[in-house]
Amino acid sequence: MKYLVMIQGTQADYEAMGGKPSAHSPAWSEQDLRAMFAFMGAVSNDLAESGELVDGQGLTEPARARAVSAGPDGRPVISDGPYAETKEVLAGYWVLDCESLERVTEIAARIASCPGPEGAAQYPVLIRPLQGTGGGDA
């Protein structure tokens, strides 16, 4: 069964990773960043070796995002980010092909233990089964 495993963050978190702290996001040092990237790389490498990794990517900061919706006249309305009404956003993901929900939960628990600077926000790792892959079919 395939699952989407998602990590979250905020614009402030991305800015803190770039060295600009805020009240809720302490600045990340080069050592903090290296530790986080090494940890995430090891997770992805292990999942590739086990044959469970289908795809995985980190995403750019919300400030580089764009939202497109239909306006009242049917023409597109385009907004650039970050969005004031948005708190946490998708920061990265893995598409995994795992034998069970228990297995993907083990992986999510590992991802949740990613290192970061003291005081950095902790977000849950979200798991969503993909439709048409053996569970959650519509």
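Here, each number is a calculation from the coordinates, and none is a lab measurement. Values in this document were obtained by computation on a predicted structure and should not be read as measured data. Heads up, the Cβs are rebuilt from the backbone with ideal geometry, glycines too, and the neighbour counts pull from every protein chain shown.
Below 13 angstrom from the Cβ of Ala42, what's the summed charge of the other residues (Lys, Arg +1; Asp, Glu -1)?
The answer is 0.
Amide H of Gly92: which non-local residues (sequence gap of 5 or more, or other chain) have their own amide H closer than 5 Å, using H built in the peptide plane?
Amide H to amide H, under 5 Å and 5 or more residues apart or across chains, Gly92 pairs with Ile7, Leu59.
Less than 12 Å Cβ to Cβ from Asp97, Lys/Arg counted +1 and Asp/Glu -1: what total charge do the surrounding residues give?
Neighbour charge sum, excluding Asp97 itself: -1.
Using θ = phi - 60° and the Karplus form 6.51 cos²θ - 1.76 cosθ + 1.60, what ³J(HN,Hα) does each residue of segment 28-39 get, whole Hz, x for Gly and Pro?
Working through the residues one at a time gives 8, 8, 4, 5, 4, 5, 4, 5, 5, 5, 5, 4 Hz.
Run lengths n ≥ 4 of DSSP H only: what is the helix-derived mean residue ellipticity at 222 nm for the chain, with -39500 (n - 2.57) per run over all residues, to the nearest 500?
Calculated mean residue ellipticity at 222 nm is -9000 deg cm²/dmol.
In Å and from the alpha-carbon atoms only, list the Rg and Dmax of the chain.
17.0, 51
List the residues whose amide H sits under 5 Å from the amide H of Ala65, counting only those 5 or more places along or on another chain, with H placed 1.01 Å from N in the peptide plane.
Gly81
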